[in-house]
Amino acid sequence: MPANTGNPGPGQAPNPSTQLPQRALERLQQTRESGGRRLFTSDLSVNEFLLVKEVGFDPVGLVVGTSIYHIGYQYSGLGQSMELGVLTQAMYSARELAMSRMEAEADALGADGIVGVRLDVLQYAWGQNLAEFKAVGTAVRARDGKSYRTSQGKPFTSDLSGQDFRTLLAAGYRPLALTMGTCVYHVGVQSMRQWFSQIAGQNVEMANYTQGVYDARELAMERMQYEAEQVGAEGVVGARILEGTYGWDAHVIEFFAIGTAVIPTRADHEIEKPQMVISLNDAS
């Protein structure tokens, strides 16, 4: 399969979401053809690098995708708890742009997948209401010649560490895709009268706030699970829910669910028995 750099071939229109800048293409080309030998870059630790190689994959290059996105604002009723759909879509679209560009770089290197993916959101003093969405990982290629790509022909993506990636493959599973779900939610504000009528010096649950954040987390989880179902996964490992405000109103918060969707590669899943390890490091 020819590498898909996201840049147009003969007779093809450019795809703005995945088109790589010239500088990126030059770096990737240099990585592929470095004096007749293959030079790789990687953000894997030494242990991760060696374990990934042990399980039959070679790192081929550090891949990056980015999108600087203007995060708008959506007004809601002060006392109303509700999802802010415009902001939810913005946060999702920005991350998708970064992910697709990272995958395009992996395609350009002829990689089977990307391990150790990190998704970061950065804000800069020079850009009010702007945020950079960045995806970074190490592209890898299998030595056995088999295809480990998704059913859509894309490189697999995973935020598992090199150690977890090795353990997963050794136990008869493999990663499919980094799946995510997001929900930007406004938690309704209570009036002073409501506030004092409820607490009045008591220890009491604030049901309005509880229900708001509960609903928002559930929406994020549902969307992550839906993505996993769409790629045909058996389950999601390493799932976690992150929260961020990004300069919005104090009652507006994003709940972001993310994890690695996996499928089995064989029927038996023998787990290596733990072994005793005695450290030779100086305890002092």
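Brief remarks follow.
- Residues in the range 179-213 that are modelled with pLDDT of 85 or more and either of a type in the set (Asp, Glu) or touching a Gly at 6+ places or on another chain (Cβ under 7 Å) (or both): Thr179, Tyr185, Val187, Gly212.
- Residue count, the range 106-130 (criterion: part of a loop (DSSP other than H, G, I, E, B), among the aliphatic types (A, V, I, L, M) and within 17 Å of Gly153 (Cα to Cα)): 2
- For the range 241-266, the candidate set comprises residues that are assigned to a loop (DSSP other than H, G, I, E, B) and polar (S, T, N, Q); within that set, the residue that is farthest from Glu218 (Cα to Cα) is Thr265.
- Among the candidates Thr167, Thr150, residue that is in contact with a strand residue (DSSP E or B) (Cβ under 8 Å, 6 or more places away or on another chain), surrounded by fewer than 20 Cβ atoms within 10 Å (Cβ to Cβ), modelled with pLDDT under 95 and over 21 Å from Gly244 (Cβ atoms): Thr150
- Among the residues making up the range 60-103, those that are in a strand (DSSP E or B) and among the polar types (S, T, N, Q) are Thr66, Ser67.
- Residue count for the range 169-190, restricted to those that are closer than 21 Å to Gln230 by Cα and under 18 Å from the mean Cα position of the chain (by Cα): 10
- Taken together, the criteria place Ala111 among residues that are over 13 Å from the mean Cα position of the chain (by Cα), crowded, with 17+ Cβ neighbours inside 10 Å, aliphatic (A, V, I, L, M) and modelled with pLDDT under 95.
- Within the range 218-240, the set of residues being surrounded by fewer than 16 Cβ atoms within 10 Å (Cβ to Cβ) and outside any loop (DSSP other than H, G, I, E, B) comprises Glu218, Glu222, Tyr226, Glu229, Gln230, Gly235, Arg240.
- Checking each residue in the range 153-164 for being out of contact with any strand residue (DSSP E or B) (no Cβ under 6 Å at 6 or more places or on another chain) and assigned to a loop (DSSP other than H, G, I, E, B) picks out Gly153, Lys154, Ser161.
- The residue of the range 12-53 that is surrounded by the most Cβ atoms within 10 Å (Cβ to Cβ), among those that are modelled with pLDDT under 75 and more than 19 Å from Ala104 (Cβ to Cβ), is Arg38.
- Any hit, the range 74-87, residues being in contact with a Leu (Cβ under 7 Å, 6 or more places away or on another chain) and of a type in the set (A, V, I, L, M): no
The values are calculated or read from the model by the stated rules, or taken from the named source; none is laboratory data. Everything numeric in this text was worked out from a predicted model, so none of it was measured. Positions of Cβ are backbone-derived with ideal geometry, glycine not excepted, and every protein chain shown enters the neighbour counts.
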